[in-house]
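J.: Encoded as structure tokens, here's the structure I'll be asking about.
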Amino acid sequence: MEFSTDKFLFGGDYNPEQWLDRPDILEEDVRMMVKAGVNVVSLGIFSWAEEEPEEGRFELDWLADIIHNLYDNGIYTILATPSGARPRWLAEKYPEVLRVNESRQKLIFGERHNHCLTSEKYRENVAIIDKKLAERFGKDPAVILWHISNEFGGECHCPSCQAAFRKYIQDKYQTVDKLNASWWTKFWSHNYTSFDQVESPSPIGESSIQGLTLDWKRFVSDTTIDFMNKEVEALRAGGAEQPVTTNMMHDYDGINYGKMGQSLDVISWDSYPTWQDDTKVKIMENYSMTHDFMRCIKDKPFLMMESCTTGTNWQPYSDLKAPGQYTNEAMNAIAHGSESVQIFQIRQGRGSTEKLHGALIDHYGKDDTRVYKECEKLGNSLKDLKELLNTNVDSKIALIYDVENKWAAEGSDGPRNEGLPLRETAFKLYHALCRYGVNCDVIDEDHDISKYKILILPMIYSMRNGLEEKIKTFVENGGTLVMTYWTGITDENDLVHLGGFPHDLCDVAGLRSEEIDSRPDEHENYFVPVSGNELGLTNIWKCTKLFDLVRLTTAVPLMTYGEDFYNGKAALSVNAYGKGKTYYISADGEDGFFTEIMSKICMASGIMPYLDEMPENIVVSERRNDHATYLFIQNFGDHAEDIYLSETYSEIYPARSDEKFSGKLTIPRMGTVILKK
Ligand code: GAL
């Protein structure tokens with residue numbers, strides 16, 4: 001089913017069930033939402049106890065009243081299934097619905113996400129309430145989308161999950177011999193003689209069979225997706241006709257989101273940049289990397305389902321967002337393909353853990369707060385940006401960031417057990433492209449790669465499903481491949497490849513990785529340019545953490561190590577292969593290294609930046625369709641920045657004018673400008 005919208009969705013999570021005894025507040029909420037330009041809310045996310053106060057007794061009238069009152073005021077509903085947290089009666093009557101943790105302790109009632117996803121009783125009860133909701137609201141024009149559960153995650157190790165895992169493993173391997181070979185169980189005499197002996201990994205049991213750990217993660221992910229699919233089936237059985245989504249999370253590695261996305265009509269996710277962790281620009285880039293990942297799951301616009309207007313309640317320090325900062329954050333989501341700006345939460349609740357989390361409406365309750373006024377301006381300005389709907393980001397560059405690779409690499413004891421820089425390396429390469437000023441798709445290993453000019457493989461330790469073949473064809477046909485150390489080490493069962501690394505890509509890279517050195521973070525070596533190298537590199541840069549010692553076959557060195565016993569060995573090399581080229585980066589480097597080489601590689605591949613110069617606080621992104629290109633230029637610094645446009649544009653945000661201009665443009669501090677070409 002297709003999801004499409006004829007307006008930018010603006011609104012957020014709304015919990016009126018917490019205020020049913022305060023009709024005055026509910027009325028004021030609607031007034032303030034309308035004033036702020038809110039056109040959609042997410043309802044019912046954690047409302048099971050209100051919807052089914054005791055088993056089999058359903059109370060949905062209050063919800064219908066809220067939904068229809070909102071609708072009468074021009075506000076649609078994204079309706080959630082309530083499976084993200086269960087009512088007390090359910091856990092009391094069917095204790096098996098609560099989780100068992102990896103140390104095999106049974107959890108007691110409390111929190112959300114404390115439920116077993118293989119429990120038949122949980123599945124049955126979820127299906128009953130979902131079907132009821134669908135029967136009541138499944139054809140209601142006020143409801144435009146189903147929000148399945150909330151931020152699926154976590155795992156359970158109860159007897160039901162163990163039985164399901166055994167079946168999963170037996171279906172996959174068929175014979176115990178095959179299982180033993182795939183998991184290399186002769187090691188420490190851990191051979192299985194029956195599938196009945198298979199148990200999930202545990203700190204008090206098995207944690208050394210890394211093929212088991214990897215398959216367990218696959219099982220948890222597949223089970224979660226299956227649970228979600230059963231919820232969708234229940235909605236359909238109840239007659240629901242609207243599309244479905246579930247809200248995903250930033251860099252969450254408990255689920256293969258690429259696979260999960262196949263069951264959804266639109267991708268949505270919750271974006272909470274942790275602004276204190278680095279410069280504003282770098283934090284925004286880190287989250288735009290996730291926007292790009294989410295967009296690439298379906299190669300379509302997505303929804304930002306949650307975000308926070310100001311401080312949260314769960315960070316060590318909840319810093320306020322400065323004026324303009326939240327608007328810039330929201331515009332960045334749109335710049336990377338979002339068709340919504342959704343807030344958690346519309347109104348703060350008075351008690352429990354989220355009472356002090358930022359919101360549209362705070363405890364003071366009026367519409368003259370700094371935060372409300374900024375949201376009101378944002379919400380109303382989105383109404384003028386309709387022409388951006390259905391435009392998409394069209395990138396010539398893709399970077400592979402794959403969760404199964406992460407499971408395998410991080411689950412393997414090896415050269416670096418503390419702080420394996422996997423996300424970090426991917427982000428350094430992504431950041432380098434942001435600094436150059438072009439968009440980059442962030443894709444998983446299953447994604448098509450044929451349309452790109454540059455493909456980046458940061459630490460793709462484990463490749464599956466014929467990725468190596470796809471890459472060979474890509475380079476043979478003229479693509480530029482950029483790969484780093486610690487790529488092509490194991491197969492999809494985490495068995496190490498024989499015959500050298502990066503396995504089948506040794507010819508493509510023109511080298512073989514012989515050894516890899518790993519040192520504490522503070523240890524430094526250097527990338528030293530080879531004189532006359534073809535990229536024209538002249539700077540010396542620091543390298544740290546992992547140092548790959550490669551033997552070149554047909555590749556040519558561009559930079560060499562400056563110190564240690566491998567002083568003089570290739571640290572960056574290039575190899576011609578077919579009509580294309582491969583650059584091999586042997587070590588982790590400082591930002592400047594990645595920024596310099598990626599800009600030169602882009603230029604050598606004919607990919608030009610959107611702006612001639614990129615001030616350090618500026619980020620850019622393009623969305624386009626067949627008729628127009630929209631350039632978002634955003635300033636995340638605390639002073640205005642000048643940029644120079646070599647092409648002619650008109651402005652559509654913050655001001656709208658048909659006048660065409662080029663040359664100097666000043667972007668205010670914490671400001672966004674959207675230009676049209
Ligand atoms: C999200 C969650 C919301 C709320 C929010 C607070 O992860 O989906 O329900 O808890 O965090 O930031």
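The values are calculated or read from the model by the stated rules, or taken from the named source; none is laboratory data. Not measured: the values here are computed from a predicted model. Note that we place each Cβ from the backbone using ideal geometry, even for glycine, and neighbour counts take in every protein chain shown. Just so you know, the surface numbers come from the protein's heavy atoms only, side chains and all, with ligands and any DNA or RNA stripped out. Shrake-Rupley method; radii C 1.70, N 1.55, O 1.52, S 1.80 Å.
J.: Modelled with pLDDT of 95 or more and of a type in the set (Asp, Glu): is that true of GLU492 in this structure? Steps first, answer last, please.
T.: Details: modelled with pLDDT of 95 or more: no; of a type in the set (Asp, Glu): yes.
In short, no.
J.: Let me ask another. Is there any pair with a first residue in the stretch 557-586 that is exposed (fewer than 15 other Cβ atoms within 10 Å of the Cβ) and modelled with pLDDT under 95 and a second that is among the hydroxyl-bearing types (Ser, Thr, Tyr) and in a strand (DSSP E or B) whose Cβ atoms are under 9 Å apart and which are 6 or more apart or on different chains, and what are they?
T.: none
J.: Please specify each residue of the stretch 1-46 satisfying the condition of being within 16 Å of the ligand (Cβ to nearest atom), in a loop (DSSP other than H, G, I, E, B) and touching a helix residue (DSSP H, G or I) at 6+ places or on another chain (Cβ under 8 Å). Before the answer, list the steps.
T.: Start the filter on the stretch 1-46 by keeping residues that are within 16 Å of the ligand (Cβ to nearest atom), which leaves 11-18, 41-46.
Going one step further and asking which of them are in a loop (DSSP other than H, G, I, E, B), we end up with 14-15, 44-46.
TYR14, GLY44 - these are the residues of the stretch 1-46 that are within 16 Å of the ligand (Cβ to nearest atom), in a loop (DSSP other than H, G, I, E, B) and touching a helix residue (DSSP H, G or I) at 6+ places or on another chain (Cβ under 8 Å).
J.: Show me the helices (runs of 4 or more DSSP H) entirely contained within the stretch 47-128 in which 1 or more residues are hydrophobic (A, V, I, L, M, F, W, C) and open to solvent by 50 Å² or more (accessible area, probe 1.4 Å). Give the derivation first.
T.: Details: elements: 48-51, 61-72, 88-93.
Result: 48-51.
J.: When the stretch 624-665 is examined, which residues are found to be crowded, with 19+ Cβ neighbours inside 10 Å and touching a Phe, Trp or Tyr at 6+ places or on another chain (Cβ under 8 Å)?
T.: Hits for the stretch 624-665 are LEU631, TYR649, ILE652.
J.: Can you tell me which residue among GLU387, GLU376 is open to solvent by 10 Å² or more (accessible area, probe 1.4 Å), touching a helix residue (DSSP H, G or I) at 6+ places or on another chain (Cβ under 6 Å) and in a helix (DSSP H, G or I)?
T.: GLU376
J.: Here is a follow-up. Working only within the stretch 537-549, note down all residues that are part of a loop (DSSP other than H, G, I, E, B) and either open to solvent by less than 40 Å² (accessible area, probe 1.4 Å) or aliphatic (A, V, I, L, M) (or both). Spell out the reasoning first.
T.: The first filter runs over the stretch 537-549 and keeps only residues part of a loop (DSSP other than H, G, I, E, B), leaving 537-540.
LEU537, ILE540 - these are the residues of the stretch 537-549 that are part of a loop (DSSP other than H, G, I, E, B) and either open to solvent by less than 40 Å² (accessible area, probe 1.4 Å) or aliphatic (A, V, I, L, M) (or both).
J.: Right, something else. Can you tell me which residues in the stretch 164-186 are in contact (Cβ under 8 Å) with a residue 24 or more places away in the chain and open to solvent by less than 80 Å² (accessible area, probe 1.4 Å)?
T.: Hits for the stretch 164-186 are ALA164, PHE165, ARG166, TYR168, ILE169, LYS172, SER182, TRP183, THR185.
J.: Still on this structure: Do we find a residue being open to solvent by 10 Å² or more (accessible area, probe 1.4 Å), under 24 Å from VAL38 (Cα atoms) and in contact with a helix residue (DSSP H, G or I) (Cβ under 7 Å, 6 or more places away or on another chain) anywhere in the stretch 263-284?
T.: The answer is no; no qualifying residue exists.
J.: TYR317 passes all but one of (1) closer than 27 Å to THR245 by Cα; (2) within 16 Å of the ligand (Cβ to nearest atom); which number fails?
T.: TYR317 satisfies all of (1) closer than 27 Å to THR245 by Cα; (2) within 16 Å of the ligand (Cβ to nearest atom) except (1).
J.: Among the residues in the stretch 334-357, are any part of a helix (DSSP H, G or I), more than 16 Å from the ligand (Cβ to nearest atom) and under 17 Å from the mean Cα position of the chain (by Cα)?
T.: Yes, because at least one residue in the stretch 334-357 is part of a helix (DSSP H, G or I), more than 16 Å from the ligand (Cβ to nearest atom) and under 17 Å from the mean Cα position of the chain (by Cα).
J.: Continuing with the same structure: Return yes or no: is GLU524 closer than 26 Å to THR490 by Cα and open to solvent by 60 Å² or more (accessible area, probe 1.4 Å)? So that I can check it myself, show each step before the final result.
T.: Numbers: closer than 26 Å to THR490 by Cα: no; open to solvent by 60 Å² or more (accessible area, probe 1.4 Å): yes.
In short, no.
J.: Scan (1) open to solvent by less than 40 Å² (accessible area, probe 1.4 Å); (2) outside any loop (DSSP other than H, G, I, E, B) for the single condition ASP367 breaks and write down its number.
T.: ASP367 satisfies every listed condition except (2).
J.: Oh, and also: Pull up the stretch 56-97, narrow it to residues that are of a type in the set (S, T, N, Q) and touching a helix residue (DSSP H, G or I) at 6+ places or on another chain (Cβ under 6 Å), then point me to the one that is nearest to ASN114 (Cα to Cα). Walk me through it before giving the result.
T.: Kept after step one, since they are of a type in the set (S, T, N, Q), are these residues of the stretch 56-97: 69, 73, 77, 81, 83.
Going one step further and asking which of them are touching a helix residue (DSSP H, G or I) at 6+ places or on another chain (Cβ under 6 Å), we end up with 73, 77, 81, 83.
Details: ASN73: 36, THR77: 26, THR81: 16, SER83: 10 Å.
Out of the qualifying residues, it is SER83.
J.: Residue by residue through the stretch 110-122, note down the ones that are touching an Asp or Glu at 6+ places or on another chain (Cβ under 9 Å) and under 16 Å from PRO82 (Cα atoms).
T.: Result: ARG112, HIS113, CYS116, LEU117, LYS121, TYR122.
J.: Name the single residue, out of those in the stretch 148-201 being among the acidic types (Asp, Glu), in contact with a helix residue (DSSP H, G or I) (Cβ under 7 Å, 6 or more places away or on another chain) and under 24 Å from ILE225 (Cα atoms), that is nearest to the ligand (Cβ to nearest atom). Steps first, answer last, please.
T.: So the first thing to find is which residues in the stretch 148-201 are among the acidic types (Asp, Glu), and the list is 151, 155, 171, 177, 196, 199.
Then drop every residue that is not in contact with a helix residue (DSSP H, G or I) (Cβ under 7 Å, 6 or more places away or on another chain), which leaves 155, 196, 199.
Narrowing the set further to residues that are under 24 Å from ILE225 (Cα atoms) leaves 155, 199.
Numbers: GLU155: 18, GLU199: 31 Å.
Filtering first and then ranking leaves GLU155.
J.: Output the residue which, of all residues in the stretch 320-333 that are of a type in the set (A, V, I, L, M) and farther than 26 Å from THR77 by Cβ, is farthest from the ligand (Cβ to nearest atom). So that I can check it myself, show each step before the final result.
T.: Step one: filter the stretch 320-333 for residues of a type in the set (A, V, I, L, M), giving 320, 322, 330-331, 333.
This time we only want the ones that are farther than 26 Å from THR77 by Cβ, so: 320, 322.
Values: LEU320: 15, ALA322: 19 Å.
Result: ALA322.
J.: Here's a follow-up. Only residues that are of a type in the set (A, V, I, L, M, F, W, C) and buried (at least 19 other Cβ atoms within 10 Å of the Cβ): list them for the stretch 223-262, please. It would help to see each step written out before you state the result.
T.: Residues of the stretch 223-262 of a type in the set (A, V, I, L, M, F, W, C): 225, 227-228, 232, 234-235, 237, 240, 244, 248-249, 255, 260.
Residues satisfying the conditions are ILE225, PHE227, MET228, VAL232, ALA234, LEU235, ALA240, VAL244, MET248, ILE255, MET260.
J.: Related question: Residues being aliphatic (A, V, I, L, M), within 15 Å of the ligand (Cβ to nearest atom) and in contact with a strand residue (DSSP E or B) (Cβ under 7 Å, 6 or more places away or on another chain): count how many of those fall in the stretch 242-270. If you could, list the steps in order and put the result at the bottom.
T.: Narrowing the stretch 242-270 to residues aliphatic (A, V, I, L, M): 244, 248-249, 255, 260, 264, 266-267.
Adding the requirement that they be within 15 Å of the ligand (Cβ to nearest atom) leaves 248-249, 255.
In the following step, the residues that additionally are in contact with a strand residue (DSSP E or B) (Cβ under 7 Å, 6 or more places away or on another chain) were identified as 248-249.
Residues flagged as aliphatic (A, V, I, L, M), within 15 Å of the ligand (Cβ to nearest atom) and in contact with a strand residue (DSSP E or B) (Cβ under 7 Å, 6 or more places away or on another chain) within the stretch 242-270 amount to 2.
J.: Also: For THR554, state whether it is among the hydroxyl-bearing types (Ser, Thr, Tyr), over 34 Å from the mean Cα position of the chain (by Cα) and not in a loop (DSSP other than H, G, I, E, B). Before you say what the answer is, go through the steps one by one.
T.: On the way: among the hydroxyl-bearing types (Ser, Thr, Tyr): yes; over 34 Å from the mean Cα position of the chain (by Cα): yes; not in a loop (DSSP other than H, G, I, E, B): no.
Considered against the rule, which asks whether it is among the hydroxyl-bearing types (Ser, Thr, Tyr), over 34 Å from the mean Cα position of the chain (by Cα) and not in a loop (DSSP other than H, G, I, E, B), THR554 comes out as no.
J.: Only one of TYR577, TYR644, TYR583, TYR630 is in contact with an Asp or Glu (Cβ under 8 Å, 6 or more places away or on another chain) and under 30 Å from ASN525 (Cβ atoms). Can you tell me which? Break it down stepwise before answering.
T.: Values: TYR644 fails: under 30 Å from ASN525 (Cβ atoms); TYR583 fails: in contact with an Asp or Glu (Cβ under 8 Å, 6 or more places away or on another chain); TYR630 fails: under 30 Å from ASN525 (Cβ atoms).
One residue alone meets the criteria, TYR577.
J.: Give the residues of the stretch 288-314 that are within 14 Å of the ligand (Cβ to nearest atom), buried (at least 20 other Cβ atoms within 10 Å of the Cβ), among the hydroxyl-bearing types (Ser, Thr, Tyr) and closer than 27 Å to LEU422 by Cβ, sorted by residue number. Reasoning before the result, please.
T.: We begin by selecting, within the stretch 288-314, every residue within 14 Å of the ligand (Cβ to nearest atom); these are 290, 303-314.
Pick out the ones that are also buried (at least 20 other Cβ atoms within 10 Å of the Cβ) and you get 290, 303-310.
Within this subset, residues satisfying the condition of being among the hydroxyl-bearing types (Ser, Thr, Tyr) are 290, 307, 309-310.
Result: THR290, SER307.
J.: Could you list, in sequence order, the residues of the stretch 1-46 that are open to solvent by less than 10 Å² (accessible area, probe 1.4 Å) and polar (S, T, N, Q)?
T.: SER42, the sole residue that qualifies.
J.: Kindly establish whether SER340 is surrounded by 22 or more Cβ atoms within 10 Å (Cβ to Cβ), among the small types (Gly, Ala, Ser) and touching a helix residue (DSSP H, G or I) at 6+ places or on another chain (Cβ under 9 Å).
T.: Values: surrounded by 22 or more Cβ atoms within 10 Å (Cβ to Cβ): yes; among the small types (Gly, Ala, Ser): yes; touching a helix residue (DSSP H, G or I) at 6+ places or on another chain (Cβ under 9 Å): yes.
Judged against the criteria, SER340 is a match.
J.: Sort out for me the strands (runs of 3 or more DSSP E) sitting completely within the stretch 611-677 that have 3 or more residues that are farther than 14 Å from ASN328 by Cβ and free of Cβ contacts under 8 Å to residues at least 40 places away in the same chain.
T.: Values: elements: 618-624, 629-635, 641-653, 661-667, 672-676.
So the answer is 641-653, 661-667.
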